[in-house]
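Asks: Dropping the structure in here first, questions after.
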Amino acid sequence: MHYSALKIFLEGLTGNRGWGRVWREPEPKPAYDIVIVGGGGHGLSTAFYLSNEFGLTNVAVLEKGWLGSGNIGRNTTIIRSNYLLEGNQPFYELSMKLWEGLEQSFNYNAMVSQRGILNLYHSDGQRDAFARRGNAMRMTGAGAELLDRAQLEKMVPFLDYENARFPIKGALYQPRGGTVRHDAVAWGYARGADRKGVDILQNCEVTGFDIADGTCTGVQTSRGAIRAKKIVVCAAGSSSRVMSLAGMRLPIESHVLQAFVSEGLKPVIPGVITFGAGHFYISQSDKGGLVFGGDIDGYNTYAQRGNLPVVEDVCEGGMAVMPMIGRARLLRMWGGVMDMSMDGSPFIDRTHIGGLYFNGGWCYGGFKATPASGYCTAHLLAKDEPHPVAAAYRLDRFRRGVPIDEKGAGAQPNLH
Amino acid sequence: MIIDHPLLGPRDAAEFVVKGDASLIDRPDGLAEGAGDAFHDYLHLRDNPAGVHRELWYHEHGDRSWLVVTRNTLTHEVLKVELARDAARARGRSR
Ligand SMILES: Cc1cc2nc3c(=O)[nH]c(=O)nc-3n(C[C@H](O)[C@H](O)[C@H](O)COP(=O)(O)OP(=O)(O)OC[C@H]3O[C@@H](n4cnc5c(N)ncnc54)[C@H](O)[C@@H]3O)c2cc1C
């Protein structure tokens with residue numbers, strides 16, 4: 001069914017009885033051309049682009065829980081393309097372009113809102129670094145403006161500009177950054193793939209890989225064995241667990257990131273704002289809640305919850321930039337488990353096992369990557385060669401000495 | 001999380017910096033055959049288990065000792081805390 005204004009009008013006249021299910025709930029078939037493990041944002045977008053761009057429809061997505069139960073439904077919904085390095089920035093800019101056309105391409109309202117992102121700077125050195133980053137962004141067409149304090153104060157007058165320790169001197173501004181309704185992204189991609197015949201199998205946990213003579217020919221699941229010519233794992237925070245079933249160790253540690261939402265307030269925060277001297281970022285949802293977060297907790301974990309020291313740190317960061325939020329009451333907080341890689345950058349690659357592919361290492365920034373990740377993973381599966389903007393995301397890059405380390409922090413996942 | 005420090009007793013986890021998997025104690029021999037591969041694996045690859053995990057914690061805001069904390073990554077339960085020195089010696093290291 002195609003969603004349109006006319007459809008809403010007609011359904012309104014006929015008692016909303018004709019909407020139907022958004023996607024089917026099929027039984028698993030014994031075999032597919034391509035099996036995707038993990039029905040989060042990246043698995044579903046891979047399925048969508050395989051079926052809608054590359055004409056491959058004999059595809060299944062295997063999700064151990066329900067769609068949206070992982071990080072696609074837990075993140076703070078920020079999209080941006082403000083990276084510095086060559087291996088990253090063109091990829092994230094492709095993602096931004098895909099976000100811009102997404103709702104038309106999958107005929108679903110994902111509430112893509114390019115309300116702008118402001119990265120605050122607090123010193124001369126930081127301004128110079130942001131000028132360099134802004135230039136790198138402009139070279140890929142992402143657009144960026146370096147704002148001084150006067151320009152910034154016009155946009156966001158409520159910041160603590162005179163903070164004694166971290167005075168706010170200006171910001172790097174990407175007007176095209178913003179937020180997107182995260183669950184709708186999962187639902188829209190799922191529906192778009194389902195309409196082309198992709199089977200989306202929920203409550204279907206992969207428990208093993210069938211590997212013989214160095215080639216993977218299928219998976220064992222809680223709903224039986226499924227054969228496939230190609231298998232791609234998009235399990236985000238569970239990447240190491242799933243790939244260990246194929247005997248692989250990854251350059252990844254699993255860490256928790258927490259998120260916080262306040263009670264609903266009148267509009268106060270126009271776009272996304274990030275603190276440049278500590279770990280704090282914030283936006284306001286369309287329902288009015290302040291959505292904010294900060295740093296990862298910093299220890300290995302698979303528990304989808306964090307601890308109090310980081311809660312305190314995030315709130316201190318918030319109070320340092322915008323003391324006005326101190327009176328807002330917190331409504332909800334939660335954590336999500338993420339696959340932190342050794343250089344803070346992701347992987348879209350084949351493995352050394354024939355027919356087995358891997359998508360992961362998305363750290364705390366994989367939501368914004370969802371469209372390009374799916375597109376490039378589908379490209380790799382369909383053509384067996386990497387998409388040019390994702391060509392650096394190889395699993396062997398540490399061995400070759402070419403990590404993509406935006407922060408220059410080295411092989412220490414909790415510092416990225 | 002509370003870390004039961006072998007010398008100082010129970011301390012808040014916020015006093016510590018986490019380094020990661022305790023396998024980092026087992027630094028490969030740089031002169032041995034295949035040292036390049038050994039260092040790649042040592043530096044970059046992790047078991048990253050869901051369950052019991054031994055890891056290095058540094059008591060930065062305390063006595064600045066290195067500890068080996070055995071923890072369950074599914075529940076955050078702390079199962080055992082040792083001085084890293086003792087753990088390293090038990091594996092045959094001189095210090
Ligand atoms: C609190 C928080 C805030 C964040 N904020 C942002 C942000 O503002 N902007 C941004 O760009 N990114 C953000 N991120 C990061 C982003 O959410 C993730 O990088 C991204 O969602 C990961 O990809 P995914 O959507 O495919 O993951 P998931 O949705 O986690 O998908 C993985 C799926 O694999 C399934 N799975 C696991 N094991 C198996 C198995 N054995 N068999 C079958 N299925 C399995 C899981 O159930 C899960 O549904 C944030 C993350 C968190 C936790």
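None of the figures in this text is laboratory data; all of them are computed from the coordinates on show. Treat the numbers as computed from the prediction; the structure is a model and nothing was measured. As a convention, Cβ positions derive from the backbone with ideal geometry for all residues, glycine included, and neighbour counts pool all protein chains shown.
Asks: Please work out how much length the chain gains when fully extended from A:ALA225 to A:LYS196, using 0.36 nm per residue of separation minus the C-alpha to C-alpha distance, in nm with one decimal.
Replies: The A:ALA225-A:LYS196 span can extend by a further 8.1 nm.
Asks: With a sphere of radius 11 Å drawn around the Cβ of A:PHE358, what net charge do the other residues whose Cβ falls strictly inside it have (Lys, Arg +1; Asp, Glu -1)?
Replies: 0
Asks: Oh, and also: Based on the Cβ-Cβ distance of B:GLU33 and A:LEU245, what FRET efficiency does E = 1/(1 + (r/R0)^6) give at R0 = 45 Å, to the nearest 0.05?
Replies: E(calc), rounded to 0.05, equals 0.90.
Asks: To continue, here is another question. Could you list the residues of region A:153-184 with an amide nitrogen less than 18 Å from a label point located 7 Å from the Cα of A:MET111 in the Cα-to-C-beta direction?
Replies: A:177-184
Asks: Please work out the Cα center distance from region A:341-416 to region A:256-323, rounded to the nearest Å.
Replies: 27
Asks: So what's the net charge close to B:ALA22: Lys and Arg +1, Asp and Glu -1, counting the other residues with Cβ under 14 Å from its Cβ?
Replies: In short, +3.
Asks: Further, regarding this structure: Is the shape of the protein assembly as shown best called rounded, prolate or oblate, per the rule: a/c under 1.5 gives rounded, else a/b larger than b/c gives prolate, else oblate, with a ≥ b ≥ c the square roots of the Cα gyration tensor eigenvalues? Write out the running numbers ahead of the final one.
Replies: Values: a/c = 1.61, a/b = 1.08, b/c = 1.49.
Because a/c hits 1.5 or more and a/b fails to exceed b/c, the protein assembly as shown counts as oblate.
Asks: Could you list the GluC sites (Glu not before Pro) in region A:86-184 that lie in coil according to DSSP, counting only those with at most 12 other Cβ atoms within 10 Å of their Cβ? Please list the in-between numbers first.
Replies: Numbers: sites: A:GLU86, A:GLU93, A:GLU100, A:GLU103, A:GLU145, A:GLU153, A:GLU162; in loops: A:GLU86, A:GLU162.
In loop regions of region A:86-184 (DSSP not H, G, I, E or B), the sparsely surrounded GluC sites (Glu not before Pro) are A:GLU162.
Asks: Moving on to the next point. Under a cut-off of 27 Å between alpha-carbon atoms, report the lysines in cross-link reach of B:LYS19, not counting same-chain residues fewer than 8 places apart.
Replies: A:LYS407, B:LYS80
Asks: Now for a different question. Starting with the highest mean, order A:167-177, A:52-62, A:303-313, A:240-250 by the number of other Cβ atoms within 10 Å, averaged over the residues of each peptide.
Replies: A:167-177, A:52-62, A:240-250, A:303-313
Asks: Which residues in region A:34-62 place their backbone N less than 11 Å from a point set 7 Å from the Cα of A:SER69 along the Cα-to-Cβ direction?
Replies: Only A:39 fall inside the zone, counting backbone N under 11 Å.
Asks: May I ask you to compute the full-extension gain from A:LYS383 to A:ALA131, defined as 0.36 nm times their residue separation minus their alpha-carbon distance, rounded to one decimal in nm?
Replies: Extra length available between A:LYS383 and A:ALA131 comes to 86.9 nm.
Asks: For B:THR70 paired with A:LYS7, estimate the spin-label separation in nm (one decimal), with each label point 7 Å from Cα along the Cα-to-Cβ line.
Replies: Taking the two extended label points, one gets 5.7 nm.
Asks: Using alpha-carbon pairs under 8 Å, 6+ residues apart, how would you state the relative contact order of region A:243-329 in percent? Walk me through the intermediate numbers first.
Replies: Values: 131 pairs, mean separation 27.3, N = 87.
Result for region A:243-329 is 31 percent.
Asks: Specify which residue in the list A:GLY43, B:THR75, A:MET137 is farthest towards the positive end of the charge dipole of the protein assembly as shown, using unit charges on the beta carbon of Lys, Arg (+1) and Asp, Glu (-1), about the Cα centre.
Replies: A:GLY43
Asks: Would you mind pulling out the separation of the Cα centroids of region A:105-135 and region A:18-58, in Å?
Replies: 32
Asks: Cβ under 9 Å from A:LYS169's Cβ, A:LYS169 left aside: what net charge do those residues give with Lys, Arg +1 and Asp, Glu -1? Can you show the working numbers first?
Replies: Values: positive: A:ARG127, A:ARG149; negative: A:ASP124, A:ASP148.
Value of the local net charge: 0.
Asks: If you count, for every residue in A:298-309, the Cβ atoms of partner chains within 10 Å of its Cβ, what is the mean?
Replies: 6
Asks: Next question, about the same structure. At 7 Å along the Cα-to-beta-carbon direction for both A:GLU316 and A:GLU53, put a label point, then send me their distance in nm to one decimal.
Replies: Roughly 4.3 nm, to one decimal.
Asks: Within 10 Å of each Cβ of B:37-48, how many other protein chain Cβ atoms are there on average?
Replies: Numbers: counts 1, 0, 0, 7, 4, 1, 6, 12, 9, 11, 6, 18.
Going residue by residue through B:37-48 and averaging, the value is 6.
Asks: Are there any trypsin sites (Lys or Arg not before Pro) in region A:193-228 that are in a DSSP loop and have at most 16 other Cβ atoms within 10 Å? List them by number.
Replies: Sparse-neighbourhood loop trypsin sites (Lys or Arg not before Pro): A:LYS196, A:ARG223.
Asks: A further question follows. Taking loop as defined by DSSP and a crowding limit of 12 other beta carbons within 10 Å, which trypsin sites (Lys or Arg not before Pro) in region A:323-416 fit?
Replies: A:ARG329, A:ARG400, A:LYS407
Asks: A follow-up question, please. For region A:153-210 and region B:49-95, what is the centre-to-centre distance using only Cα atoms, to the nearest Å?
Replies: Here the answer is 36 Å between Cα centres.
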